[in-house]
Amino acid sequence: MSNELVVTPTATPRPRPEADGSTAPVLTDHAFFMRTGKRRTWQGLTVADRDAIPALRPTAAAVLAGQTVVDTFTAYRTADGTVAVFRPDSHIKRLNNGARRLALPQVDFDRVWTSVRALVELDQGWLPETPGAALHLRAVLAADGTGLAPSPADHCLFYVLAWVADPTGSAGKPVRAMTLDGYVRAWPGGTGDVNDAGSLAAGVVPGEVAANYGYDQVLWLDGPQGRFVQQIGNLNAFFVIDGVLTTPALDRSVLPGVTRDSVVKLARDSGTPVVERPVELAEVLKGIADGTVTECFATGTEVGVAPVTGLGHQGEEYRFANGEAGPVTARFRGLLDGIHRGEAVDRFGWMRRLTEIAPVHA
């Protein structure tokens, strides 16, 4: 089986969102996929109709043992009409870190980038012409195999799907989150720093419980003590405490978000004080009450920078005074949005245009 990329445009294009009136996220026509061959080498690199993605076996470890990691990165329409992808190398690096934890083979970034370029070039017509319009790319690394017991995966499927973000969707919208008794997202030594299938699935029921109480997300606390803030759903959390931008430290129970890393880098580059440390829930709630905690926001690939307007804990609602995005939240949301649109200086070289063919690495 060849390891050269084969690109086959679909023979049956699907209706695009502007044609069918849909506002929900819609998968585009094409996908990229490849499989491992002998000695965990990747073969059969293909961009084709998404329905051509090979099926996994009934004995696939991705199904029987949850041996799957995922990551999402995004291509944006820029102000000059071209399309660029935000930090794809960092996302693939994070996926590979998760692959090591789950005994999956690594994917080679240069091959993935070449293939993603071809995928986005085929489907960029799905993107509205508006600067900042987003085409999300979901990368999935799934273990196949014929055995019934979990083991290091030699046979795997890797694929990338693309979908158009709803312009009226969740990006930047205010979020409310609540703590929940009886549910834990991550423990030290677990997979809290990995985007694996099991962790994502385990968050569905708590998310439904929070939604029943009128909240958008779960405010996750640490497993051993239930004292320290970990995340807001699958998003990273930031607080402004005594004027200092503060975010929970990456202690292997917190997902190392690429958007989180971007905000930290932008803050340090601009001279804004930023601290990564354990953040106690009691400190946050007391600070909201006495005014020392003035803002909270959540970061993630799909939402960007989203203001958090209220936190629920043990039946009490702790609301921020302004009820909307504060000045720090608005500043970093504006900085990132400007980079995505190509209207702000990209000092770190995060936006990778489709014309870039040279290897890039996180």
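The values are calculated or read from the model by the stated rules, or taken from the named source; none is laboratory data. Please read these numbers as outputs of a predicted model, since none were measured by experiment. Every residue, glycine as well, gets a Cβ built from its backbone with ideal geometry; the counts of neighbours run over all protein chains shown. Only protein heavy atoms, including side chains, enter the accessible area calculation; ligands, DNA and RNA are left aside. Shrake-Rupley method; radii C 1.70, N 1.55, O 1.52, S 1.80 Å.
Counting only residues 5 or more places away or on other chains, whose amide H sits under 5 Å from the amide H of Gln231 once H atoms are built in the peptide plane?
Amide H neighbours of Gln231, under 5 Å, 5+ apart: Trp220.
By its C-alpha gyration tensor, with a ≥ b ≥ c as the square roots of the eigenvalues, how is the range 214-327 shaped: rounded for a/c under 1.5, else prolate for a/b larger than b/c, else oblate?
Taking the square roots of the gyration eigenvalues as a ≥ b ≥ c, the range 214-327 is rounded.
Roll a 1.4 Å probe over the protein chains and send me the accessible area per residue for the range 173-323 in Å².
Counting only protein heavy atoms, the per-residue value for the range 173-323 is 42 Å².
If you average the sequence gap of Cα pairs under 8 Å that are 6 or more apart and divide by the length of the chain, what percent do you get for the contact order?
Relative contact order, the chain: 18 percent.
Indicate the gyration tensor shape class of the range 98-244 (rounded, prolate or oblate), computed on the Cα atoms with a ≥ b ≥ c the square roots of the eigenvalues: a/c under 1.5 is rounded; otherwise a/b larger than b/c is prolate and the rest oblate.
Verdict is oblate for the range 98-244.
Roughly how many Å² of Trp113 are accessible to a 1.4 Å probe, to the nearest 10?
About 10 Å², ignoring ligands and nucleic acids.
Carbon and sulfur atoms: what percent of the 1.4 Å accessible area of the chain do they account for? All intermediate terms of the calculation are to be shown ahead of the outcome.
Working: 8740 of 16130 Å².
In the chain, the share of accessible area belonging to carbon and sulfur is 54 percent.
Just read off the accessible area of Glu280 with the full protein assembly in place, 1.4 Å probe, to the nearest 10 Å².
Only protein atoms counted, so the area is about 60 Å².
For the range 185-261, which chymotrypsin sites (Phe, Trp or Tyr not before Pro) are both in a DSSP coil and crowded by at most 16 other Cβ atoms within 10 Å?
Tyr213
Along the charge dipole of the range 126-280, Cβ charges K/R +1 and D/E -1, which of Gly271, Gly203, Val175 sits furthest on the positive end?
Of the candidates, Gly271 comes out farthest on the positive side.
Return the calculated 222 nm mean residue ellipticity for the chain, to the nearest 500 deg cm²/dmol, obtained by summing -39500 (n - 2.57) across DSSP H runs with n ≥ 4 and dividing by the residue count.
-7000 deg cm²/dmol
By the gyration tensor of its Cα atoms, with a ≥ b ≥ c the square roots of the eigenvalues, what is the shape of the range 1-147: rounded for a/c under 1.5, prolate for a/b over b/c, or oblate?
Note, shape of the range 1-147 comes out prolate.
Run the numbers on the range 241-302 and let me know its relative contact order in percent, using alpha-carbon pairs under 8 Å that are six or more apart.
51 percent
Please state the relative contact order of the range 94-223 as a whole percent: Cα pairs under 8 Å, 6+ residues apart?
Once normalised by length, the contact order is 24 percent.
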